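The structure appears right after this line, and notes come after that.
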2 protein chains.
Amino acid sequence: MKPPAEIGMRLEDVDTPALILELDAFETNLKRLADLVKGRVRVRAHAKTHKCPEIGKRQVAAGAVGVCCQKVSEAEAMVEGGIADVLVSNEIVGARKLERLAALARRARIGVCVDHADNVRELQAAAQRAGANIDTYIELEVGMRRCGVAAGGPALELVKAIIASPNLRFAGIHAYHGRAQHIRSAEERRAVIQNASLLVTNTKTLLEKNKIICPIVTGAGSGTFMFEVELGAWDEIQPGSYVFMDWDYARNEWAPPMPRFEHSLFVLAGVMSRPSALLAVVDAGLKASSMDSGMPGVWQRPGLSYTHASDEHGWVEIGPGAAAPGLGDKLLLVPGHCDPTVNLYDWYVCVRAGVVEALWPITARGAVT
Amino acid sequence: MKPPAEIGMRLEDVDTPALILELDAFETNLKRLADLVKGRVRVRAHAKTHKCPEIGKRQVAAGAVGVCCQKVSEAEAMVEGGIADVLVSNEIVGARKLERLAALARRARIGVCVDHADNVRELQAAAQRAGANIDTYIELEVGMRRCGVAAGGPALELVKAIIASPNLRFAGIHAYHGRAQHIRSAEERRAVIQNASLLVTNTKTLLEKNKIICPIVTGAGSGTFMFEVELGAWDEIQPGSYVFMDWDYARNEWAPPMPRFEHSLFVLAGVMSRPSALLAVVDAGLKASSMDSGMPGVWQRPGLSYTHASDEHGWVEIGPGAAAPGLGDKLLLVPGHCDPTVNLYDWYVCVRAGVVEALWPITARGAVT
């Protein structure tokens, strides 16, 4: 895939739609996170958000111990791109995937989550065949009702199964509450994480009683991580969206201790039709910006609202008194949800002060397996 | 991008998630459409749905005159893949895009839509610079309230602007009502298309009064095309989804004259967690099947319902008495919306009688510009 722009080009000359990364805001976000948690927890940034080793390497340079991924194929892209320490913060099931995971563990430090004893057996067999060692975490069900083993007894049994597997190293507890990230009220988010914290602490205590050391508790996202830090039960946090700050996250209530990050990710869209005084149609629809968490925001254009999307078109309504964009004008949209939006593109067009400074390939785009 | 499967492999061995095309159903759909409209209208199949020249070529072999696209980059991929006649059924605005469109018109028969005189001037300038001739259609606003020029006087003026442009050939009227396709009631769909038909006929009559021949009226989608055929104002239809038949289209009421097509497109998903007796978590979330038009259906597994998606996970609820899938079992999902789902993948894994028969690259995947 050919890059969609050239270095040195002005932003307004970039063809539309294009995925834009504003480097100043991006670097501010990297530093803001690092400064906040330095000396308190480790950062393992989530690469499912950006799918780009160039970004992963900058997160590591800013202090992260490595990255998380959700898929083996994402982890392969990260290792290929130079990241030496990757946790697949997810269950990996099936012989083909586990064979690839085990092969990867011969090239880099690889972790994975389990929530079922059958999966532990399958993982051990794959690791043994490859002659690999794999950091294995139990995923704890902390209220999200997705994957995960129940706290207490079931968690203890699963840890014992890991410890009994010669090629697996019990690496700790993965405790992540995805749904909590987007609860609007900061107090409610804190309360949900407090409940999760109790489940983590109870399980750690049970492991200690059984003379099992839990090396790491890892989890937390961009909407809650300071609650995890303050509650003290987590050793490592996994924020992903903080580098970009999408429009859905912007709707959260942000109050100390949770920082608000800067919008750094945009979709550049072009006005392709002006059917009426009240409407501009742009060339970025739901194949250019994921609509699963709501419509994108229109950046710094008061009175313009993106209200509806079809596959290749977006409806931008022009409010009373708003400066109306003309045919061919370009607008910056803030995606509703950054992760699936990034997954639609092959390149970040990295811009500073209105000029394209770099083009970063999204090498894990489409990495679903 | 490496293919996700090998030819000769059994479906149940294909790694998940994967985009599956059931060839028998696909070929049935090609034939069903061709048989229905043969001798009545031309078919110009919409390639925005499949983004794959291999499919486009089979549509042409089944009688289509060529394909439609929504983007210049899609049209480039189709011409590159061997399609000789492509209509960009959309407005193309901006010097960079128009330069590419005009260059393409030197290699293949290329059509495009306009809805504004400024765009006609820009298009003529680009065609002249390239020494190209471009088939130019006016897009008529037929009730969708997206792009398009108003019927009657404004349409006539725009046609005159095309005719006055030496490198543009007035090719006809593009009249497509996208929103009508998914109206559930067949009678309501017919009524909406009947209104569109009046606007088309009035505009054609006005052109005739002005001694302007309208070569082609083109439009119609998979939810309505037989209404366009029966109303008689259209010469060419543009169905796209008929080759796949997604879960959202399945919710339409299908009654003669509108045929129901067969589901040929699936996402193969793997069960990665069984947190409770009532829930299976699969490895296909909203990066594997677009959720913009609702959740996917679970194919031929009574009592299983895909009820919720996160980025990389799907919740499959297990109803009373349903056969519960085990860890590692695979399910076929029928995507809620085929077009944006296809756009997430690089390959079709083409299957017949449970065996992988071919792998077709989705060369226009991500072609947004």
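Each value in this text was obtained by applying a stated rule to the coordinates, not by laboratory testing. Here the structure is a predicted model, which means the values were calculated and not measured. Neighbour counts are summed over all protein chains in view; Cβ atoms, including those assigned to glycine, are modelled from backbone coordinates with ideal geometry.
Things to note:
- Stretch gain in nm, segment A:D118-A:R260, where the contour uses 0.36 nm per residue and the Cα spacing is subtracted: 47.0 nm
- Distance between the stretch A:65-92 and the stretch B:95-111 - C-alpha centres, whole angstrom: 41 Å
- Taken over the alpha carbons of the stretch B:53-105 as equal point scatterers, the Debye sum produces base-10 log I(q)/I(0) values at 0.14, 0.15 Å⁻¹ of -0.34, -0.38.
- Note on chain B: lysine pairs with Cα distance below 17 Å, sequence gap of 8 or more or different chains, count 8.
- When the stretch B:243-345 is reduced to its Cα atoms, the Kirkwood hydrodynamic radius in Å: 13.9 Å
- Rg(Cα) / (2.2 N^0.38 Å) computed for the stretch A:37-163, rounded to two decimals: 1.06
- The DSSP beta bridges internal to chain A are antiparallel in roughly 50% of cases.
- Span from the the stretch A:137-174 Cα centroid across to the the stretch A:276-347 one, whole angstrom: 43 Å
- Cβ-vector label at 7 Å, B:I213, separations to other copies in nm: 8.8
- Note on A:2-13: average number of Cβ atoms from other chains within 10 Å of each residue's Cβ is 1.
- Under 13 Å from a label point set 7 Å out along the Cα-to-Cβ vector of A:A250, the amide N atoms of the stretch A:317-346 belong to A:332-338.
- Largest first and in whole Å, the equivalent-ellipsoid semi-axes of chain A read 40, 22, 17, each the square root of five times a Cα gyration tensor eigenvalue.
- Beta bridges per DSSP with both ends in the protein assembly as shown, % antiparallel, nearest 5: 50 percent
- Report note on the peptides B:240-249, A:75-84, B:162-171: ranked by the mean count of other C-beta atoms within 10 Å, highest first, their order is B:240-249, A:75-84, B:162-171.
- With its label point defined 7 Å out from Cα along the Cα-to-Cβ axis, A:A358 lies at 4.2 nm from the matching points of the other copies, in increasing order.
- Amide H contacts of A:H313 (H built 1.01 Å from N, under 5 Å, at least 5 apart or other chain): A:G285, A:L286
- Averaged over B:117-126, number of beta-carbon atoms from partner chains that fall within 10 Å: 1
- Listed by Cβ neighbour count within 10 Å, with the fewest neighbours leading, B:E208, A:E99 appear as B:E208, A:E99.
- Within-12-Å neighbourhood charge of B:L123 [Cβ basis; K, R +1; D, E -1]: -2
- Two-decimal Rg to Rh for the stretch A:96-137 - Kirkwood Rh, Cα set: 0.92
- √(5λ) per eigenvalue of the Cα gyration tensor, the stretch B:174-224, largest first, Å: 25, 11, 6
- Shielding by partners - mean other protein chain Cβ count within 10 Å, residues of A:268-276: 6
- Where the Cα pairs of the protein assembly as shown fall when distances are cut into 10 Å bins, in %: 3, 14, 24, 25, 18, 11, 5, 1, 0, 0
- Just so you know, the Cα atoms of the stretch A:216-272 work out to an Rg and Dmax of 14.2, 52 Å.
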